[in-house]
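These notes concern the structure reproduced below.
Each value in this text was obtained by applying a stated rule to the coordinates, not by laboratory testing. Source: prediction; values computed, not measured. Glycine also receives a Cβ, built like all others from the backbone with ideal geometry; neighbour counts cover every protein chain displayed.
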Amino acid sequence: MARRPGERIFSSKMDWCSHPFVSKRADQLFKHAQLESVKAWIGDPAHGALPLHARLQRAVRQLILDGVLCAGRPLPASRALAKSLGVSRDTVESAYGQLHADGFIERRVGSGSFVSERARHLQCRGRPRRSGVDGKMALRLSRRGSALFQSGGVRDARTPRPFAPGVPETRSFPLQTWERLGRQVIKEFGTLALLHGPPQGVEPLRRAIADYVNLERGARASPERVLVLTSSQQALALCATVLLDPGERIFIEDPVYHGARKAFNAAGLVCVPVPVDADGLRVDQLVEASKTPGEPARAVFVTPSHQFPTGATLALERRLAVIEWARQHQSWIIEDDYDSEFHYAGKPTACVQGLDRHERTIYIGTFTKSLFPGLRIGYMVLPPELVAPMTVARTLLDGHSAAIPQLTLARFMEGGHFGAHVRSMRATYAVRRDVLAMLLHEHLADFVEPAVPDGGMQMPCMLIGDIPEREAVDGARRAGIELLGLKELHASSGHRAGFLMGFAAHAPHELESAVKKLATVLRGLRRPHPSAS
Ligand SMILES: Cc1ncc(COP(=O)(O)O)c(C=O)c1O
């Protein structure tokens, strides 16, 4: 912060009126409240990165924009202002010079500085409309904007707290390899890598993704059908806006991944919940619900490999039935295959997209869980006719994904590092899953009944006893533990209380201390037994 020696930001007791250089008109202009607001602006730590003259310039500009200082009104002489603020005259001159250059004030030799006539159209229609005790303008958002804001969005903590679901272990990521490949990319592409990239994603990455999903997920993909995005969340938002109109129905699983439901709600879609059982989505109920005349069924959202949050796998006959349903209704199947890399009992079932000869399935994948969330790369494998519309639509969101991470990831995959990392993390997570199951048995058997999953990074746990789910989740949060309540993922009521416990991001000893802490929290919440009083 450029401040000259001996320069104060402002004197604690500033008295404009009594200063000999402040004319009567000027002190009328800078009333006490206005002066206070200049002081507050200058002293606000949020503006601390700006040099002093810039802070002063912005403070005066704000008074002009707010209509507090109207066109034609004189400003205090720079010497007087400098003295009252306890800053150098150069600082005030510099601020006034910038205000003049920007057209906010006029400077007349011999008569001083005035708010410019040009500022008239910017303001001076009386005092700005204010509301609320803090004097802030009432915020007006669109209905969609308010709904987006009210939804709370989908946010993940920057430092994963124990049991936050779906968070991978990042501490053992092979950063050196990643860094080496990144350097190779920069060496090879040079400044070309700094330019805009193709909106569909770089070809080597699309090829690597297509090879991967064909081999590992039984998909029917080619590089031309892959659209590289920043996340599966972006894919969900694109599906919601490109495939359906506001007010149209989309079928979702009940319970459902909250990020999907929020993306669909944000697009104004009507989410129609379809129950899930041990074999995944009740496709028979989907078929039944689609019979309502005049209410077309445009799409269904499913997590068939590992239902979120129950962990169920969609049975083969249901996969075939949902494909047939989509064919008949000319509907889309939005398949979110978010964590199938981590399956601990043999291979996960092949994806629905690979079974769908009718090209009604949009396959969504992400590297958030298989590599690291900060990478921000996800993708869709699209039916050929959707490639152009989706690619054009994404240009309106963010243009394209960053080229250097895409090219680095392509090399990481081609070089076999992706496969090696996934294999190593699979072994790590399998151990952590077993450790968590054992710890729950040891310390929390009175409180929860875990459903040990065959795959994924989180364990659904049902609450036993009388502790309400919300109290358990809130109590845990206060103790630094993140649990995702199961009831809030359901559209229908009457389901058992419980929560999801992520186990991937923490080592066994960390899981142990978090489980013990959770046991203390739950013990504290237990209702006293009536006979005990
Ligand atoms: C079911 C499901 N789909 C998608 C995602 C989001 O992944 P991304 O970071 O790519 O948006 C998550 C993240 O937790 C998830 O659980």
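With each run of n ≥ 4 DSSP H residues scored as -39500 (n - 2.57), what mean residue ellipticity at 222 nm is computed for the chain after dividing by its residue count and rounding to the nearest 500 deg cm²/dmol?
Working: 18 runs with 219 residues, N = 533.
After summing the helix terms and dividing by residue count, I get -13000 deg cm²/dmol.
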Value in Å of the Kirkwood radius, where the stretch 175-415 supplies the Cα pairs that are averaged
18.3 Å
In the chain, lysine pairs with alpha-carbon atoms under 27 angstrom apart (chain gap of 8 or more, or interchain)
21
Assuming a viscosity of 0.890 mPa s and a temperature of 25 °C, what translational diffusion coefficient in µm² per second does Stokes-Einstein assign to the stretch 420-532, Rh being the Kirkwood radius over Cα pairs?
167 µm²/s
Can you work out ³J(HN,Hα) from phi for every residue in the stretch 221-233, in order, using Karplus 6.51 cos²θ - 1.76 cosθ + 1.60 and θ = phi - 60°, giving whole Hz and x for Gly and Pro?
10, 9, x, 5, 9, 8, 10, 7, 10, 7, 5, 6, 4
Can you give the convex hull volume per residue for the Cα atoms of the chain, as a whole number of Å³?
239 Å³
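Using the Cα centre as the reference, give the magnitude of the dipole from point charges on the C-beta atoms of the chain (Lys, Arg: +1; Asp, Glu: -1; all else neutral), rounded to the nearest 20 debye. Please list the in-between numbers first.
Details: 69 positive and 54 negative charges, 624 e Å.
In total the dipole reaches around 3000 debye.
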Which order results if CYS70, CYS461 are arranged by neighbouring Cβ count within 10 Å, fewest first?
CYS70, CYS461
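Which whole number of Å³ per residue matches the convex hull of the alpha-carbon atoms in the stretch 336-378?
On the way: hull volume 2.7 nm³, N = 43.
Hull volume normalised by residue count: 64 Å³.
How do VAL392, VAL422, VAL87 line up, fewest other C-beta atoms within 10 Å first?
Ordered by Cβ neighbours within 10 Å, fewest first: VAL392, VAL422, VAL87.
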Backbone HN-Hα couplings from phi across the stretch 444-449 [Karplus 6.51/-1.76/1.60, Hz, Gly and Pro as x]
10, 4, 6, 10, 9, 10
Percent of Cα-Cα pairs per 5 Å bin, from 0 to the last occupied bin, for the stretch 211-283, please list those.
3, 14, 19, 17, 19, 18, 8, 1
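What shape does the stretch 246-295 have by the C-alpha gyration tensor, where a ≥ b ≥ c are the square roots of the eigenvalues, rounded means a/c under 1.5, and otherwise prolate means a/b greater than b/c and oblate the rest?
Details: a/c = 4.22, a/b = 1.13, b/c = 3.73.
The shape class here is oblate.
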Sort LYS517, LYS31, LYS83 so the one with the fewest other Cβ atoms within 10 Å of its own Cβ comes first.
LYS31, LYS517, LYS83
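Roughly what % of Cα-Cα distances in the stretch 126-251 sit above 22 Å, to the whole percent?
Within the stretch 126-251, distances greater than 22 Å cover 66 percent of Cα pairs.
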On each of the three principal axes of the Cα atoms of the stretch 277-318, give max minus min coordinate, whole Å, ordered largest first.
34, 16, 14
For the stretch 146-305, give the share of DSSP beta bridges that are antiparallel, in percent and rounded to the nearest 5; count only bridges with both residues there.
20 percent
When you count, for each residue, the other Cβ atoms within 10 Å and take the mean per peptide, how do 409-418, 33-42 rank with the highest first?
409-418, 33-42
Computed over the Cα atoms of the stretch 24-122, the Rg and Dmax in Å are 12.3, 37
Rounding to the nearest 10 and keeping the result within 0 to 90°, find how far the Cα-based axis of helix 89-101 lies from the longest principal axis of the chain.
70 degrees
Can you find, among SER172, TYR338, SER94, the residue sitting farthest towards the positive end of the charge dipole of the chain, where Lys and Arg contribute +1 and Asp and Glu -1 at Cβ?
SER94
